[in-house]
Amino acid sequence: MREMIFRERQEKVAQIQAIARIVAQILGLDAERVFGGVVSDYASEVFQETYDPELLRRKIAAIRVAQTRVRQRKEHDLNQLTRLDKMGDFYDREFGRDVRDRKAARPP
């Protein structure tokens with residue numbers, strides 16, 4: 001099974017190298033110099049050389065903390081809007097909607 005996965009990954013990298021060579025030849029460029037860094041980055045991703053489980057755990061934890069902060073902020077904003085709406089209802093009951101409308105219609 002490992003051998004099959006390794007061969008599949010090798011095939012992916014070989015395909016990218018071939019595409020890079022074709023494009024470089026069409027454009028009259030040196031494939032290794034122009035696309036070498038891109039192909040090596042792709043190869044390191046395909047072979048998971050940059051895989052760091054501890055880093056992924058830290059990233060997931062940071063994302064969860066950020067999501068919690070966003071959820072709390074949304075709840076806080078919703079509570080503030082609800083309070084503001086209730087204040088408007090109070091003043092409408094106490095003074096009537098016509099008071100608000102008269103103030104808006106009055107010239108400065």
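Descriptive notes on the structure:
- Neighbour net charge for residue 78 - beta-carbon separation under 11 angstrom, K R +1, D E -1: +1
- Residue 73 versus residue 24: modelled label distance in nm, points set 7 Å from Cα along the beta carbon direction: 4.5 nm
- Spread of Cα-to-Cα distances over 5 Å intervals beginning at zero, given as percent, for segment 1-51: 5, 22, 25, 20, 14, 8, 5, 1, 0
- Applied to segment 62-69, the Karplus parametrisation 6.51 cos²θ - 1.76 cosθ + 1.60 on θ = phi - 60° returns per-residue 3J(HN,Hα) values of 5, 5, 5, 5, 5, 5, 5, 4 Hz, with x for Gly and Pro.
Every number in this text was worked out from the coordinates using simple rules, so none of it is lab data. Given the structure is predicted, the values throughout are model-derived calculations rather than measurements. Note that each Cβ is placed from the backbone with ideal geometry, even for glycine, and that neighbours are counted across all protein chains shown.
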